[in-house]
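The values are calculated or read from the model by the stated rules, or taken from the named source; none is laboratory data. Source: prediction; values computed, not measured. Every residue, glycine among them, receives a Cβ derived from its backbone with ideal geometry; neighbour counts consider all protein chains shown.
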Amino acid sequence: MILSASDPASIATCADTLRAGGLIGLPTETVYGLAADAGNDVAVAQIFAAKGRPADHPLIVHVSAHDGGMSGVAHFAAQVPPFAQQLMSAFWPGPLTLILPRREGVGTAAAGGQASVGLRCPSHPAAQAVLRALHDAPAGVAPVWGLAAPSANRFGRVSPTTALHVDSELGPDLLILDGGACDLGIESTIIDCTRGAPVLLRPGSISRTQVEQACGRKLLSKEELLEQETRGLEAPKASGTLESHYAPNATVRLMDAKALQTALKMLDGAIDSVARPSIAVYARTLLKNVPRNIVLRNMPQYAAPTAHELFSVLRELDATGVKLIWVETPPDTQDWEGVRDRLQRASAPT
Ligand code: TXA
Ligand code: MG
């Protein structure tokens, strides 16, 4: 069932459902989440079941912004290094998730049993309205300190950026709060703050430079972290860091403009112009000699509008029934890092 977020009664219904241990589809500025009370291990277990996600993959816990996220952080985190504090001040509420040491006995199932917890304070007004309603519990009712919410898709599939995407994948019995199409369109930037220095686990809309400027520290890459691991430190688990993830049904192939143009030229005349199209192309560069029986979609010239539409476009192209989606490789610049990462994973062999 889909409820409009502009109706205050919807917020109350969602808060009641969550308080009672149920799940809802929650809009955020990045992608839609599948949310449950992070303090209720039984409710959290239902998220893993609904997604088909292995129970040892940790989920992100979302907290209320009314005090800058601080009461949520104090509840779930055992300790906050100064650089993490600076990142919260700079980017919360917003698309940034921080991995922090977890307070023992709190949010155990949400954290997938890890000693750390991923915390994020989303900026979407509907998500915040629900979080605030849960935090300000009526007299005699315990507050809910955070919502565990991974992206509301089945494990390994493309993340949802509209209420209808969620409904098509996890409906019709799921209560979904419709807060419109997600502004940003790709998941939050994740920074591990448990290793003495900030480590980038997943790129998103907030760039490396922005992170480094906000906390005055060098941001380590996963590769640099790996180097540390070989010196005996343990690796964090992040399903967003598995090679193949975000995969549509069609096979996605990344090609630069020149390779794409050559491939199209070779196809010209060779493909049946009346059969159902079997190839879709998503490119920024203007291509010549595009055979008629190809589904062509233009990629925006900038990273932000591309991120905004990316998962939606992959779903749409997939729905045309094509076997192949050829995507032009995005520019090798920092602003495109989040989009590039999602496309590289969508195109990794399964
Ligand atoms: O934008 C987002 O972050 C969205 C919206 C709904 O907020 N959520 C999202 O959740 O992308 P999910 O579960 O699909 O991705 C969460 C990522 C996973 O890769 C998970 O493994 C990692 O965060 N993560 C969460 N807690 C962690 C922890 N304690 N240690 C390491 N990684 C963690
Ligand atoms: Mg996900």
Count, please, the residues in region 155-166 that happen to be near ligand 2 (Cβ under 10 Å from one of its atoms) and not hydroxyl-bearing (Ser, Thr, Tyr). 5
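Please count how many residues of region 295-329 are of a type outside the set (Val, Ile, Thr) and under 21 Å from residue 95 (Cα atoms). Give the derivation first.
Step one: list which residues in region 295-329 are of a type outside the set (Val, Ile, Thr), which gives 296-305, 307-312, 314-319, 321, 323-324, 326, 328.
Among the residues that remain, those that are also under 21 Å from residue 95 (Cα atoms) are: 302-305, 307-312.
Total satisfying the criteria: 10.
Which of the residues belonging to region 39-65 are part of a loop (DSSP other than H, G, I, E, B) and surrounded by fewer than 15 Cβ atoms within 10 Å (Cβ to Cβ)?
So in region 39-65, the residues part of a loop (DSSP other than H, G, I, E, B) come out as 39-40, 52-59, 63-65.
52, 54, 55, 56 - these are the residues of region 39-65 that are part of a loop (DSSP other than H, G, I, E, B) and surrounded by fewer than 15 Cβ atoms within 10 Å (Cβ to Cβ).
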Scanning region 3-13 for residues that are over 21 Å from the mean Cα position of the chain (by Cα) and hydrophobic (A, V, I, L, M, F, W, C) gives 3, 9, 11, 12
Of the conditions (1) more than 12 Å from ligand 1 (Cβ to nearest atom); (2) surrounded by fewer than 18 Cβ atoms within 10 Å (Cβ to Cβ), residue 133 satisfies every one except a single condition; which number is it? (2)
Could you grab me the full set of residues in region 1-18 that are out of contact with any Gly (no Cβ under 9 Å at 6 or more places or on another chain) and either at positive phi or among the charged types (D, E, K, R) (or both)? 7
Considering only region 128-137, I want to know if a residue exists there that is among the basic types (Lys, Arg), in a strand (DSSP E or B) and more than 16 Å from ligand 2 (Cβ to nearest atom). no
Pair list, Cβ under 6 Å, 6 or more apart: region 173-191 residue farther than 13 Å from residue 127 by Cα and at pLDDT below 95, other residue of a type outside the set (A, V, I, L, M) and away from ligand 1 (no atom under 14 Å from the Cβ): none
Filter result for residue 156 (modelled with pLDDT under 95, part of a loop (DSSP other than H, G, I, E, B) and within 11 Å of ligand 1 (Cβ to nearest atom)): yes
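Quick check on region 167-189: of everything there that is hydrophobic (A, V, I, L, M, F, W, C) and outside any loop (DSSP other than H, G, I, E, B), which residue is nearest to ligand 2 (Cβ to nearest atom)? Please lay out each step first, then the result.
Here is the first cut: in region 167-189, the ones hydrophobic (A, V, I, L, M, F, W, C) are 170, 174-177, 181-182, 184, 186.
Those left that are additionally outside any loop (DSSP other than H, G, I, E, B): 170, 175-177.
Values: 170: 13, 175: 20, 176: 17, 177: 18 Å.
Looking at the filtered set, the residue picked out is 170.
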Is at least one residue of region 1-24 crowded, with 16+ Cβ neighbours inside 10 Å, within 16 Å of ligand 2 (Cβ to nearest atom) and either of a type outside the set (A, V, I, L, M, F, W, C) or not assigned by TED's automatic domain parsing to the domain that holds residue 141 (or both)? no
Does region 66-78 hold any residues that are in contact with a strand residue (DSSP E or B) (Cβ under 7 Å, 6 or more places away or on another chain) and surrounded by fewer than 16 Cβ atoms within 10 Å (Cβ to Cβ), and which are they? 78
Is one or more of the residues making up region 270-281 β-branched (Val, Ile, Thr) and out of contact with any strand residue (DSSP E or B) (no Cβ under 9 Å at 6 or more places or on another chain)? yes
Could you grab me the full set of residues in region 181-220 that are on the phi > 0 side of the Ramachandran plot and within 15 Å of ligand 1 (Cβ to nearest atom)? 185
Criterion first (part of a loop (DSSP other than H, G, I, E, B), modelled with pLDDT of 95 or more and within 11 Å of ligand 1 (Cβ to nearest atom)) does residue 123 satisfy it? yes
